[in-house]
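A quick write-up on the structure given underneath.
Every number in this text was worked out from the coordinates using simple rules, so none of it is lab data. The shown structure was predicted, so the numbers you read here are calculated from the model rather than taken from an experiment. Every residue, glycine as well, gets a Cβ built from its backbone with ideal geometry; the counts of neighbours run over all protein chains shown.
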Amino acid sequence: MRINWAGSVLATAPWAANGSVTATIPAGSKPATYSYNATDECGRTAFGRFTVTPPPPVTTTRPPVTTQPPVTNPPVTKPPVTTRPPVITTTTTPPVTTTTTTTTTDSSTPPSSSTTDALTDPDDGVLILDKDNIQPGDDLTATGTGCPKGANVTLKSLGQDVGRTTADENGEFRSPVRFENIEPGRHKVRAECGIVLVGNVDVTLSSSSGGTTSTLVVLLFFLLVGAAMLRRQFAGLRR
């Protein structure tokens, strides 16, 4: 009969109907539970398990030290003083066993992926207004990029809808901007299509003082010409 463990034969014994076989575990075996097998002359195999435990802690005790007092004249007998050193206990730390789990991934299956038309980075989009400065009633057109394919685009300003359109397959759109009521100043135009794109436009009022001044100058000129002609007529009559 042979007792096998870890690829080695620990012990052998002649064939017998019953009995026991003693085997010695190799020195330096780590504390753990191991499996072994025993094979007889007929090829039959039996399996078993055994456990290696860590050795108990070793306690070292030093012998007491006896100190004799010095001899004085006349001699004085004093009892000996016995000093016991502290007990030193040495503890053997059992080894640490680390178990590593290996995960096998089937490379024949491609990784799953998801496709979305929503834009995750707003920095990829832009809103462009064809004019930086307009007056009430002027035409204004907004052009944008970066929207999801086929998304509905809503243009808003001052809390009101100023335009609607749909993005094309490239995420681009174009729409007129129509203000119902607007005051002078800088206004933001927001395009919402799953992301938010922002553009600015300045609204100013045209001044009519220049035209009024020119009209007054022309009227004054004709008045002066008419007065000069009247003076000439009066002067001819007096002569």
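Points to keep in mind about this one:
- Once backbone amide H atoms are built at 1.01 Å from N, Val162 has Leu155, Lys156, Ser157 as its partners under 5 Å, excluding neighbours fewer than 5 places away on the same chain.
- Between the beta carbons of Glu41 and Ala6, assuming R0 = 22 Å, the FRET efficiency works out to 0.45 to the nearest 0.05.
- Remark: spin-label model distance Thr145-Arg186 equals 2.5 nm, labels positioned 7 Å along the Cα→Cβ axis.
- Note, ³J(HN,Hα) from phi for the range 155-167, Karplus 6.51, -1.76, 1.60, rounded to Hz, x at Gly and Pro: 9, 10, 7, 6, x, 10, 6, 10, x, 9, 6, 10, 6
- 3J(HN,Hα) along the range 31-48: x, 4, 9, 10, 10, 9, 9, 10, 10, 9, 5, 8, x, 6, 10, 10, 10, x Hz, from the Karplus curve 6.51 cos²θ - 1.76 cosθ + 1.60 with θ = phi - 60°, whole Hz, x for Gly and Pro.
- Near the amide H of Val189, within less than 5 Å, lie the amide hydrogens of Gly199, Asn200, Val201, all on another chain or at least 5 residues away, with H placed in the peptide plane.
- Contour minus Cα-Cα distance for Thr66 and Ala228 (0.36 nm per residue): 43.5 nm
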